[in-house]
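Only one structure is covered here, and it is reproduced in the block below.
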Amino acid sequence: QVQLVESGGGLVQAGGSLRLSCAVSGRTLTITTMGWFRQAPGKERESVAGINWWTNSPSYVDSVKGRFTISRDNAKNTVYLQMNSLKPEDTAVYYCGGRRTGGIWTTVGEYEYWGQGTQVTVTP
């Protein structure tokens, strides 16, 4: 199994920055992709950014391109999401997810492992 623990959420004004961390432990050799997702009240969980576990190649949804950066510290088995130029519409609970299968990284249902979530609130 794989365990994920997120940290780094908080309250920030629009235009500010936050960095989220996701510590990954357990059977990490089975992972193919890690992703960051978010879920706002009353909405479905949506993809934000993904990273190939082996190549560290990143991917982003259009709404965060140029503002968010996903990265991985191989030595620490930690995945980060640096969020800059935050907007009120970025407010949500952010989750990191891990999967063992290939395919399109944005498919939420393909992720088997999830962290507990961390709240990000952006005020106007």
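The values are calculated or read from the model by the stated rules, or taken from the named source; none is laboratory data. In this text the structure is predicted, and so the values were computed from the model without any measurement. Cβ placement follows ideal geometry from the backbone for every residue including glycine, while neighbour counts extend to all protein chains displayed. Protein only, heavy atoms only, side chains kept; ligands, DNA and RNA dropped before computing areas. Shrake-Rupley method; radii C 1.70, N 1.55, O 1.52, S 1.80 Å.
Brief remarks follow.
- Enumeration of residues in region 27-47 that are closer than 15 Å to residue 115 by Cα and open to solvent by less than 40 Å² (accessible area, probe 1.4 Å): 28, 31, 33, 34, 35, 36, 37, 38, 47
- Test: residue in region 95-113 that is open to solvent by 50 Å² or more (accessible area, probe 1.4 Å), under 21 Å from residue 123 (Cα atoms) and not hydrophobic (A, V, I, L, M, F, W, C): no
- Applying the criterion of being touching a residue at least 24 places away in the same chain (Cβ under 8 Å) and more than 15 Å from residue 18 (Cα to Cα) to the residues of region 64-84, the residue that is farthest from the chain's Cα centre (by Cα) is 76.
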